[in-house]
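Sharing a structure here in structure tokens format.
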Amino acid sequence: MKIALSQLNYHIGNFEENNHKIISSIQEAKSAGAELIVFAELAVAGYPAKDLLRNNHFLQRCYDSLQEIAAACQDIACIIGAPVPNADGEGKPLYNTAVLLESGAVQTIVKKSLLPDYDVFDEYRYFEPNKQVSCINFKGKTIALTICEDLWDDDGPNSYVGDIMQELAKEHPDLIINIAASPFSYTHFDSRKNVLGRNVIKAGAPLLYVNQVGAHADIVFDGRSLAFNKKAEPILEMAPFAEDLAYVHFDNNDLQADQPYVSRETTEISLIHDALILGLKDYFRKSGFKTAVLGLSGGLDSALVAALACEALGPENVLAVLMPSIYSSDHSLKDALDLVNNTGCKHHIIPIKDIAASFEGTLSEIFAGRNPDTTEENIQARTRGTLLMAISNKFGNILLNTSNKSEAAVGYGTLYGDMAGSLSVIGDVYKTQAFELARYMNREREIIPINTIVKPPSAELRPDQKDSDSLPPYDLLDAVLFQLIEMEKSKEEVVQIGFDEALVSRIYKMLGNAEFKRFQAPPILRVSPKAFGPGRSMPLVAKYSF
């Protein structure tokens, strides 16, 4: 039996585009002689559709699309993810399902059992969990058809009471198929392969895993669909961050690929780069915008975001605005202009000296008797934010935020100033990673000026200012933040690792005090195991130390 794996980039609610892609894949696979084609979890609706799943019209469109796709399944069968109403009369109104379509109709519906509600997932809000599992039959073969989390029941802190594959293994399946919507993080692929391999061993059957690809605002899906033979050896790895259609052969109760397996060699930084590029492309394409604007200071973060935007959108669609103040150094302006020349993006120079001075003059009476402090620094940042938003409004550009994760974590940013924007491009990239990413982007030619990378970071909001005046060294700061955020450790646990107690306490306090700022921040492209935003939900006014 020849089986096709279709890895597609879905657009939530864009039923016409999604159906066209799905049906085109079915037709192509049929022409290639495939008897079955497999699509990703909730492909019909797009994932995550969130509260659109509470909208009856949206659900009717899902049903209509499923019927349209079913009609295309003549002389080829299809497995596809879709929301299906719960007709049992109890529990949540929907099931998250895998649907087998054949001969123009729905043949079998398999419901998802394990519904994640951690990190970015919130499936219990919409779906009722399946309580009885069994394999399905297709062309005389017993298939353990599962949906994403159903295979993650034995994976550490998110373990579930039930073991879905253990139950399905009692029926001695010939093949495991798992359809998924598994978001990208730079640590996730190895654990994904390990989980899938363990399930192959558990059931003694080969496995097909089909993931979706694409970005939906903050969440990025990397694709990288997989096939394993019954020895738990990977035989196929599909394209990362791109649509793909691949074929395997299921003969003698095992899977074979047409070509020898080749692991796609990647590094953490290359994966982050590719995820950010896809995140930018899809944010603009799926929201209907084409052009971006950002403030370009001559520093690392804005240079990095500008370079990423130019690669993702084309330099002709990126406007960099240089807004020097009385504290901006000549080399910063030169570095910014070098970046403009290296990328070919558009640019304008708008000095803010007089505007900031006007604000200070207007406030001089009410501020009388008080010494200058961060208030005046923030006026400069907010002046820049106001100008950028005005340009965004006037020309219909999307304003890109350029703050990194280290700054966002400790509140080293100004609300309504440098925290403004519709999308935070590197808000899940620590400063130390930003340096690595800049060097990676220069791997073939200089895009980001070398001086931008090697000079000490500075906000340039007061004379001779350096980030190190207010923050610990970034290598230490990021290492502690990683333990507090990604690893979710307490202060005491971080100290036990070997970090200085005073340093940890200082960073922990800054992290907690900045929660109100992050609450108002733009959506962040998620590339790590724990990003700010939906995946890390903290109360704003709690008084608790862990």
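The values are calculated or read from the model by the stated rules, or taken from the named source; none is laboratory data. Note that the coordinates shown come from a computational prediction; the quantities given were computed from them, not determined experimentally. Note that each Cβ is placed from the backbone with ideal geometry, even for glycine, and that neighbours are counted across all protein chains shown.
Kindly list, by first and then second residue, each pair from a residue in the range 45-67 that is assigned by TED's automatic domain parsing to the domain that holds residue 9 and part of a loop (DSSP other than H, G, I, E, B) to a residue that is buried (at least 21 other Cβ atoms within 10 Å of the Cβ) and among the acidic types (Asp, Glu), limited to pairs with Cβ atoms under 7 Å and residues at least 6 apart or on different chains.
Short answer, once both residue conditions are applied: 47/41.
Across the range 57-91, what is the total count of residues that are of a type in the set (Phe, Trp, Tyr) and within 16 Å of residue 108 (Cα to Cα)?
Matching residues across the range 57-91 total 1.
Filter the range 405-460 down to residues that are small (Gly, Ala, Ser) and either over 26 Å from residue 287 (Cβ atoms) or surrounded by fewer than 21 Cβ atoms within 10 Å (Cβ to Cβ) (or both) and give me whichever is modelled with the lowest pLDDT.
459
Mind checking whether some residue in the range 321-328 is surrounded by 14 or more Cβ atoms within 10 Å (Cβ to Cβ), at pLDDT 95 or above and in a helix (DSSP H, G or I)?
no
Can you name the strands (runs of 3 or more DSSP E) wholly within the range 224-314 that have at least 1 residues being out of contact with any Phe, Trp or Tyr (no Cβ under 9 Å at 6 or more places or on another chain)? Before the answer, list the steps.
Values: elements: 226-228, 234-237, 244-251, 254-257, 292-295.
Output list reads 244-251, 254-257, 292-295.
Here is a yes/no grid of residues against (1) touching a Pro at 6+ places or on another chain (Cβ under 9 Å); (2) crowded, with 24+ Cβ neighbours inside 10 Å; (3) more than 22 Å from residue 32 (Cβ to Cβ):
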position	(1), (2), (3)
189	yes, no, yes
192	no, no, yes
195	no, no, yes
199	no, yes, yes
204	yes, no, yes
215	no, yes, yes
245	no, no, no
252	no, no, no
258	no, no, no
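Please give the number of the condition residue 523 fails out of (1) out of contact with any helix residue (DSSP H, G or I) (no Cβ under 7 Å at 6 or more places or on another chain); (2) surrounded by fewer than 19 Cβ atoms within 10 Å (Cβ to Cβ).
Against the list (1) out of contact with any helix residue (DSSP H, G or I) (no Cβ under 7 Å at 6 or more places or on another chain); (2) surrounded by fewer than 19 Cβ atoms within 10 Å (Cβ to Cβ), residue 523 comes up short only on (2).
Check whether at least one residue in the range 114-125 is crowded, with 17+ Cβ neighbours inside 10 Å, farther than 30 Å from residue 489 by Cα and at pLDDT 95 or above, and report yes or no.
For the range 114-125, residues crowded, with 17+ Cβ neighbours inside 10 Å, farther than 30 Å from residue 489 by Cα and at pLDDT 95 or above: absent.
For the range 19-27, check the following and say yes or no: at least one residue is of a type outside the set (A, V, I, L, M, F, W, C), buried (at least 24 other Cβ atoms within 10 Å of the Cβ) and touching a helix residue (DSSP H, G or I) at 6+ places or on another chain (Cβ under 7 Å). Steps first, please.
Narrowing the range 19-27 to residues of a type outside the set (A, V, I, L, M, F, W, C): 19-21, 24-25, 27.
From the residues that got through so far, the ones that are buried (at least 24 other Cβ atoms within 10 Å of the Cβ) too are none.
Checking the range 19-27: not a single residue is of a type outside the set (A, V, I, L, M, F, W, C), buried (at least 24 other Cβ atoms within 10 Å of the Cβ) and touching a helix residue (DSSP H, G or I) at 6+ places or on another chain (Cβ under 7 Å).
Among the candidates 80, 22, 76, which residue alone is β-branched (Val, Ile, Thr) and more than 28 Å from the chain's Cα centre (by Cα)?
Exactly one residue qualifies, and that residue is 76.
Taking helices (runs of 4 or more DSSP H) that do not extend beyond the range 335-410, which have at least 2 residues that are touching a Phe, Trp or Tyr at 6+ places or on another chain (Cβ under 8 Å)?
Details: elements: 353-363, 374-395, 405-410.
It comes to 374-395, 405-410.
Name the residue, out of 261, 327, that is outside the structural domain of residue 190 (by TED's automatic domain parsing), among the aromatic types (Phe, Trp, Tyr) and touching a residue at least 40 places away in the same chain (Cβ under 8 Å). Explain how you work it out, then say what you get.
Working: 261 fails: touching a residue at least 40 places away in the same chain (Cβ under 8 Å).
327 is the lone residue from the list that is outside the structural domain of residue 190 (by TED's automatic domain parsing), among the aromatic types (Phe, Trp, Tyr) and touching a residue at least 40 places away in the same chain (Cβ under 8 Å).
Of all residues being in contact with a Pro (Cβ under 8 Å, 6 or more places away or on another chain) and among the small types (Gly, Ala, Ser) in the range 262-303, which is surrounded by the most Cβ atoms within 10 Å (Cβ to Cβ)? Just the residue, please.
The qualifying residue surrounded by the most Cβ atoms within 10 Å (Cβ to Cβ) is 303.
If a residue has to be out of contact with any Asp or Glu (no Cβ under 9 Å at 6 or more places or on another chain), under 15 Å from residue 82 (Cα atoms) and in a helix (DSSP H, G or I) to count, how many in the range 1-21 make the cut? Can you show your working first?
Taking the range 1-21 as the starting set, the residues that turn out to be out of contact with any Asp or Glu (no Cβ under 9 Å at 6 or more places or on another chain) are 12-14, 16-18, 20.
From what is left, the residues that are under 15 Å from residue 82 (Cα atoms) are 12-14, 18.
Pick out the ones that are also in a helix (DSSP H, G or I) and you get 18.
The total comes to 1.
Give the residues of the range 195-210 that are under 18 Å from residue 153 (Cβ atoms) and under 21 Å from the mean Cα position of the chain (by Cα), sorted by residue number. Step through it out loud before you land on a result.
First, pick out the residues of the range 195-210 that are under 18 Å from residue 153 (Cβ atoms): 195-205, 207, 209.
Selection gives 195, 209.
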